Amino acid sequence: MKLSIAAQLLLAASAVAAPSGHGLTSRVSRRTGRGVERLTHPKIPAPALTGDEKSRIEQANRTHVDYSSNWGGAVLTAPPSGTTFTSVSAQFTVPTPQLPSGATADSSASAWVGIDGDTYSAAILQTGVDFTISTAGDVSYDAWYEWFPDYAYDFSGIDISAGDVIQVSVSSSSSSAGTCVIENLTSGQQVSQDLTAPSSDSNLGGQNAEWIVEDFDSNGSQVPFANFGTIQFTNSAAGVSDGSTVGTDGADVLDIQQNNVVLTDVEVPSSSEVDVTYTGP
């Protein structure tokens, strides 16, 4: 039945006034509130090191490290036995970012946990905190969730400050459904978001579990990378489809390399910790 113009306007007004839930409407409004289109990409391999930086890294006996232009941290890859990762969690203390040497623009970085995005690049279910410092010295934080290839969306109802201890976790109930949770253990605030795969081509594979500091994309290009000091992911764990839980033993280590310069130093000092330290200019 064809509706009158008046009826159509009434329905439109009702839709605007409807309460937002966990679907697309609430997610779009949160992204609009951020004012930018923030996007995590799967791991982008970095070119092979050359020259002085290659020599420095080899002398430091870090030839076992893989390099990426956007990810620094640790990644577990599922064994070929058929088991997959169903959850990833960790805690970290929110840093006070600083501008890198010679910075002429606002700089940012992000700490997050996620499923997939390394050897399996069709999707990533992830959640974390962005930290930004402006050229004027103003610091800001955003707590967010994302199911790549969709954009990231800000959580509302949680405040983040330097020194807060944050618990982050993602879990999947199927290849096309999952939940992101962030808890500020310092303030007691907690937020969560149920998500579904944004398309049939972006179901999870459960092949990777990750603890990452990232130089993420904003409005189509990587942001200038902030000096975040050190992020220590503690109580790091990943749930497996056979019901077991594993730590970070055997994880692949990734350092961020841009323009033939290594910007991070990643260590896995125990089976439940990943340390990512900024070493750039």
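Each value in this text was obtained by applying a stated rule to the coordinates, not by laboratory testing. Computed from a predicted model, the values in this text were never measured in an experiment. Using ideal geometry, Cβ is built from the backbone for each residue, glycine included, and neighbour counts are taken over all protein chains shown.
Listed values, structure above:
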read-out: Estimated FRET transfer efficiency when R0 is 51 angstrom, pair Thr104-Thr77 (beta carbons, to 0.05); value: 0.85
read-out: Modelled FRET efficiency - R0 25 Å, Ser175 with Thr119, Cβ distances, 0.05 increments; value: 0.95
read-out: Region 92-135 and region 173-192: distance between their alpha carbon centers, rounded to Å; value: 18 Å
read-out: Packing-based exposure ordering (other Cβ within 10 Å, fewest first) of Ser134, Ser272, Ser107; value: Ser134, Ser272, Ser107
read-out: Gained length - Ser272 relative to Ser192, 0.36 nm times residue gap less alpha-carbon distance; value: 26.5 nm
read-out: Residue-span extension gain [Asp138 to Thr96] - 0.36 nm each, minus C-alpha spacing; value: 14.1 nm
read-out: Segment Leu39-Ser244, extension gain: residue separation times 0.36 nm, minus the distance between their alpha carbons; value: 70.7 nm
read-out: Fewest-first ranking of Asp138, Asp252, Asp118, Asp66, using other Cβ atoms within 10 Å as the exposure measure; value: Asp138, Asp66, Asp252, Asp118
